Amino acid sequence: MCEYRYGKGLRVPYVPTPIPVVDYMLRLANVGPNDIVYDLGCGDGRIPIRAVELFNAKKAVCVELRDDLYEKALESVRSRGLEGRVQVVHADMFDVDISEATVITLFLLTSVNKALKPKLESELRSGVRVVSHEFEIPGWQPVEVRIFYDGILNHKVYLYVVGKPRSK
């Protein structure tokens, strides 16, 4: 397992989200043809790729800091001919404008989600769905929390909707 640092000194290990969990996250967020999906810390690009290939999202954006993973995501997008629908951005997620997103996907640590919360609150419009695999966003109440069994492990998936009253 390899860790890398974001500009705020936060460390995040790279652990790919299993494909059944990716699909579950995108279904829970109700991704469709009008959506622009941003995956912050996209790793190999699997979530944005599946968002456009399987869920017909209008556009998806991979944001990846690590050089090797950026290159891997870029190659995956190119090999599938998705350059017009999946953009791969080589940058720190804290420095990327996410205001066009209708869906944000995360598989970060709770500490990183906490640091990211002010950015999400200031840049995202009301109604944007934020789906987090395993780790909550401290201070936000999810609209739904689901447990998904992928055949091997249970995974906790949080769904938040910006501006929507939260469940208690």
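Only residues that are in a loop (DSSP other than H, G, I, E, B) and either charged (D, E, K, R) or more than 13 Å from LEU40 (Cα to Cα) (or both) were counted across region 103-131, and they come to 5.
Considering each residue of region 132-145 in turn, at least one proves to be in contact with a Leu (Cβ under 8 Å, 6 or more places away or on another chain), surrounded by 17 or more Cβ atoms within 10 Å (Cβ to Cβ), part of a loop (DSSP other than H, G, I, E, B) and not β-branched (Val, Ile, Thr). Residue count for region 73-102 satisfying the condition of being part of a loop (DSSP other than H, G, I, E, B), touching a helix residue (DSSP H, G or I) at 6+ places or on another chain (Cβ under 8 Å) and without any contact (Cβ under 8 Å) to a residue 40 or more places away in the chain: 6. A single member of CYS62, CYS42 is assigned to a loop (DSSP other than H, G, I, E, B), touching a Cys at 6+ places or on another chain (Cβ under 8 Å) and under 17 Å from SER132 (Cα atoms), and it is CYS42. Here ARG146 meets the list (1) without any contact (Cβ under 8 Å) to a residue 40 or more places away in the chain; (2) touching a Lys or Arg at 6+ places or on another chain (Cβ under 8 Å); (3) farther than 24 Å from LEU65 by Cα almost entirely, failing just condition (1).
Every listed requirement among (1) modelled with pLDDT under 95; (2) within 21 Å of HIS155 (Cβ to Cβ) is met by LEU10 save one, (2).
Which of the residues belonging to region 95-123 are surrounded by fewer than 16 Cβ atoms within 10 Å (Cβ to Cβ), within 16 Å of VAL37 (Cβ to Cβ) and among the polar types (S, T, N, Q)? Once the filter is applied, which keeps residues that are surrounded by fewer than 16 Cβ atoms within 10 Å (Cβ to Cβ), within 16 Å of VAL37 (Cβ to Cβ) and among the polar types (S, T, N, Q), region 95-123 yields only SER99.
The values are calculated or read from the model by the stated rules, or taken from the named source; none is laboratory data. Keep in mind it's a predicted model, so treat the numbers as computed, not measured. Using ideal geometry, Cβ is built from the backbone for each residue, glycine included, and neighbour counts are taken over all protein chains shown.
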